[in-house]
Amino acid sequence: MIAAVILYFVSKAFKVIEDPRIDEVAEHLPGANCGGCGFAGCRALAEAIVKANTLDGYKCPAGGDMKAIAGVMGLEAAETEPMVAVVRCNGSCENAPAKVKYDSALSCQFATSIYAGESACPFGCLGCGDCVKACKFDAIHIDHITGLPVVDEEKCVGCGACAKTCPRKVIEIRLKGKLGRRVFVSCVNKEKGAAARKNCSAACIGCGKCAKTCPFEAITVENNLAYIDFTKCKSCRKCVAECPTGAIHAVNFPPKKEAPAAPAPAAEKTAPAAETSAPVAENPATPAAEKETLQN
Amino acid sequence: MKTFKIGGIHPEENKLAKANPVELFPIPKQVTVFLTQHLGAPSTPVVQKGDKVKVGQLIGKAEAFICANVHSPVSGTVAKIEPVADFLGYKKDAVVIDVEGDEWAEGIDTSTELKKDITLTKQEIIDRMKACGIVGLGGACFPTHVKYMVPPDKKVDYLLINAAECEPYITVDYRMMLERADEVMVGIEAMLIASGAPVALIGVEANKPDAIAHLTKVAANYKNIQVVELKTKYPQGAEKQLIKALTNRNVPNGKLPIEVGCIVNNIATAFAIYEAVQKNKPIIETFTTVSGKSVKNLKNYRVRIGTCINDILNAVGVPEDTGKIISGGPMMGKAISNLNAVTVKGMSSLLLMTEKESKRGEVYECLRCGKCVHACPMGLEPYMLHAFSELQRYEDCEKYGIMNCIECGSCSFGCPSNRPILDMIRVGKNKTGAMIRARK
């Protein structure tokens with residue numbers, strides 16, 4: 001009884017007064033504690049927002065309702081465009097055939113320390129699935145036919161956990177684009193063209209054709225590797241047609257009218273894997289034919 | 001019999017090639033010499049495309065503190081200097097030389113006779129080690145001259161020569177003890193002068209009785225050199241374990257052997273130092289065992305650095321059931337994923353594992369049987385480190401002493417669940433090391 005009385009007074013005297021807005025803000029956050037915002041978890045972000053009393057520099061990349069949070073705080077929410085994880089590697093089993101077999105701990109971190117990769121490409125995806133383990137939203141999985149990770153765009157929130165964990169920096173967080181349509185170079189190999197092609201038929205060889213074609217100066221070629229700046233790219237897809245190795249991918253575009261059956265490389269992200277590996281695999285043998293299909 | 005006290009395992013010895021004397025491997029038509037053949041910074045190339053080089057001529061100069069000189073292993077013309085894939089498949093800068101004849105650089109004594117009297121002083125010996133690009137040939141390839149730059153407040157009590165050769169299969173050190181004992185002793189004398197140590201102890205595992213007998217006989221002529229028989233137990237040749245076995249001293253965590261007044265070098269390094277000090281000959285060759293259970297043509301080769309691994313394998317003939325080829329011993333070596341790569345300093349073995357041997361068993365859950373804890377020579381708890389590493393709890397990794405791991409593989413060796421314990425510990429060690437460095 002005495003203890004209860006003491007406890008009652010202690011609890012009154014040392015009561016922690018917390019801003020009720022923290023709870024309200026936290027309610028509008030996803031609660032996955034992915035850490036994509038840079039804080040330890042959703043509640044930590046909520047506390048930081050309330051404490052700073054601004055939304056500048058605070059943003060939930062994982063689908064938190066920033067508008068609703070702005071409402072709670074009585075602030076304006078800046079419009080932001082959704083981001084998505086993009087796997088920039090073409091090294092499927094067909095494009096980059098395995099020369100050796102990996103038989104060790106299923107960890108990209110470890111694999112990268114003991115060898116260049118089954119295809120011998122020292123830049124490409126190792127396929128051990130560190131990104132899969134890092135994803136808190138079940139949005140990335142290894143496709144067992146291509147051996148490459150595939151991002152589920154519906155689930156991906158662009159938090160960047162996968163990109164951060166990838167030891168080869170194959171995954172990039174890019175603008176999702178209008179209707180999910182976007183164009184990117186699906187390769188991170190910085191070797192010279194011949195060396196890159198030796199290990200992977202769909203590698204970027206740094207020829208620079210895409211950069212010359214681009215009307216918006218969105219493409220730069222550095223260290224034998226082309227990169228499309230997603231803030232400048234207008235998704236005209238001229239570079240896709242120009243690329244001799246098919247390293248540039250355009251995804252989620254509708255098939256062109258003249259050739260409805262053309263298996264655009266767009267299939268890469270959305271269509272089942274069996275279909276995806278086929279068009280890319282044709283590239284090395286018939287680069288010209290591929291170009292034609294795309295221009296049709 | 002002396003040994004270290006904690007942990008250790010007894011893998012099958014498989015010293016299959018022990019009866020085969022060292023043979024010279026023919027000089028190849030072209031060599032590729034990496035500018036990084038050691039621990040530390042790459043050396044800077046001092047030759048250009050088209051230059052004529054002679055055997056033993058400097059081609060890569062050490063400019064950083066932890067770095068070693070690289071010399072041409074052949075005479076000929078520099079064909080190109082460009083990044084070439086090493087045996088892991090990663091590209092490193094290398095000098096490619098087309099071989100023409102076998103003309104040695106001036107000042108190198110190519111005679112085979114034993115030169116006993118050491119005329120150089122302490123500093124001259126250390127300078128010679130540096131000039132001749134001597135690195136630790138036990139496997140880590142740490143630049144040797146750095147070891148001998150003893151801080152002024154430290155004194156060297158013991159020079160320890162590692163001739164344990166505890167890795168299964170490898171027999172080059174054993175052959176060296178039998179064939180080159182005299183040279184090795186002179187090398188050790190030079191190392192005694194360089195280190196200022198009063199005594200040198202050579203630790204040899206008990207499974208090489210003829211080597212111990214021969215070394216003891218030769219060492220009788222040298223009053224400061226003793227041969228010590230060690231218990232056959234892996235990893236007897238690991239630096240800290242060898243110090244414990246020979247001197248009963250414990251190297252504190254995170255410290256170097258000099259902390260307890262010891263310098264440790266491999267017996268192959270002693271031979272290289274003999275050649276450097278007495279013959280002015282840099283490291284241009286590596287002693288390599290080619291072995292494996294189904295290899296018929298077992299060899300101990302003395303091969304020029306930069307020789308294509310494939311050439312060596314073709315010379316002995318690769319058995320059809322080969323599943324994996326390892327550079328180094330089966331415990332600590334690394335699987336070769338690029339057979340077009342070349343030999344480097346300290347490549348002590350090419351091990352051809354049969355397909356059956358090279359397959360890993362199915363991985364099961366950890367049984368908490370404690371075999372790995374029992375085996376760990378550093379007194380760590382490998383199963384915990386494996387778990388923390390997998391969960392990316394690197395703070396806990398640090399607390400459980402992951403940085404003390406010597407990566408000997410004793411934990412993985414005995415695991416009844418076939419867990420890749422060492423593999424994950426290596427990941428964790430890497431990450432924890434980065435975390436600690438970032439903190440500073």
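The values are calculated or read from the model by the stated rules, or taken from the named source; none is laboratory data. Here the structure is a predicted model, which is why all the values come from computation and not from measurement. Every residue, glycine among them, receives a Cβ derived from its backbone with ideal geometry; neighbour counts consider all protein chains shown. Ligands, DNA and RNA are stripped out before the accessible areas are found, and what is left, the full protein with its side chains, is counted by its heavy atoms. Shrake-Rupley method; radii C 1.70, N 1.55, O 1.52, S 1.80 Å.
Inspect all residues belonging to the range A:103-121 and state whether any of them is touching a residue at least 12 places away in the same chain (Cβ under 8 Å), buried (at least 24 other Cβ atoms within 10 Å of the Cβ) and away from chain B (no Cβ under 14 Å).
no
Consider only pairs whose beta carbons are under 9 Å apart and that are at least six residues apart or on different chains; among these, list those whose first residue lies in the range B:343-359 and is within 14 Å of chain A (Cβ to nearest Cβ) and among the aliphatic types (A, V, I, L, M) and whose second residue is open to solvent by less than 20 Å² (accessible area, probe 1.4 Å) and part of a loop (DSSP other than H, G, I, E, B).
So the pair list comes out as B:MET353/B:GLY292.
Residues to consider are B:GLY379, B:GLY361; find the one that is more than 24 Å from the chain's Cα centre (by Cα), open to solvent by 20 Å² or more (accessible area, probe 1.4 Å) and farther than 17 Å from B:VAL290 by Cβ.
On inspection, the qualifying residue turns out to be B:GLY361.
Would you mind listing the strands (runs of 3 or more DSSP E) fully within the range A:148-264 where at least 3 residues are open to solvent by less than 40 Å² (accessible area, probe 1.4 Å)?
A:171-175, A:182-185, A:225-228, A:248-251
Which members of the range B:364-376 meet the condition of being crowded, with 16+ Cβ neighbours inside 10 Å and farther than 18 Å from B:PRO11 by Cα?
B:CYS366
Could we say that B:PRO11 is of a type outside the set (Lys, Arg), under 20 Å from the mean Cα position of the chain (by Cα) and either open to solvent by 20 Å² or more (accessible area, probe 1.4 Å) or more than 14 Å from every other protein chain (Cβ to nearest Cβ) (or both) here?
yes
Mind checking which residues of the range B:417-439 are within 11 Å of another protein chain (Cβ to nearest Cβ), in a helix (DSSP H, G or I) and under 24 Å from the mean Cα position of the chain (by Cα)?
Result: B:ILE421, B:LEU422, B:ASP423, B:MET424, B:ILE425, B:ARG426, B:VAL427, B:GLY428, B:LYS429, B:ASN430.
Filter the range B:391-416 down to the residues that are assigned to a loop (DSSP other than H, G, I, E, B) and more than 13 Å from chain A (Cβ to nearest Cβ), then identify the one that is farthest from B:LEU242 (Cα to Cα).
The qualifying residue farthest from B:LEU242 (Cα to Cα) is B:ARG393.
Within the range B:292-340, which residues are more than 14 Å from chain A (Cβ to nearest Cβ), assigned to a helix (DSSP H, G or I) and open to solvent by less than 30 Å² (accessible area, probe 1.4 Å)?
Hits for the range B:292-340 are B:ILE312, B:LEU313, B:VAL316.
Yes or no: A:ILE2 surrounded by fewer than 14 Cβ atoms within 10 Å (Cβ to Cβ), away from chain B (no Cβ under 14 Å) and at pLDDT 85 or above?
Yes; evaluated as a whole, the condition is true for this residue.
What's the number of the condition A:HIS141 fails, among (1) assigned to a loop (DSSP other than H, G, I, E, B); (2) at pLDDT 85 or above; (3) away from every other protein chain (no Cβ under 14 Å); (4) surrounded by fewer than 17 Cβ atoms within 10 Å (Cβ to Cβ)?
(1)
Looking at the range B:179-212 only, could you name the residues that are closer than 28 Å to B:ASP127 by Cα and charged (D, E, K, R)?
The answer is B:GLU179, B:ARG180, B:ASP182, B:GLU183, B:GLU189.
Residues are listed down the side, and each one gets a yes or a no for (1) outside any loop (DSSP other than H, G, I, E, B); (2) in contact (Cβ under 8 Å) with a residue 24 or more places away in the chain:
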{"site": "B:THR77", "(1), (2)": "yes, yes"}
{"site": "B:PRO83", "(1), (2)": "yes, no"}
{"site": "B:PHE87", "(1), (2)": "no, yes"}
{"site": "B:VAL96", "(1), (2)": "yes, yes"}
{"site": "B:THR110", "(1), (2)": "no, yes"}
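Quick check: anything in the range B:62-73 buried (at least 20 other Cβ atoms within 10 Å of the Cβ), farther than 30 Å from B:SER195 by Cβ and under 21 Å from the mean Cα position of the chain (by Cα)?
There is no residue in the range B:62-73 that is buried (at least 20 other Cβ atoms within 10 Å of the Cβ), farther than 30 Å from B:SER195 by Cβ and under 21 Å from the mean Cα position of the chain (by Cα).
From the list A:ASN33, A:ASN90, exactly one residue is in a loop (DSSP other than H, G, I, E, B), open to solvent by less than 40 Å² (accessible area, probe 1.4 Å) and more than 14 Å from every other protein chain (Cβ to nearest Cβ). Which is it?
Within the list A:ASN33, A:ASN90, the selection yields A:ASN90.
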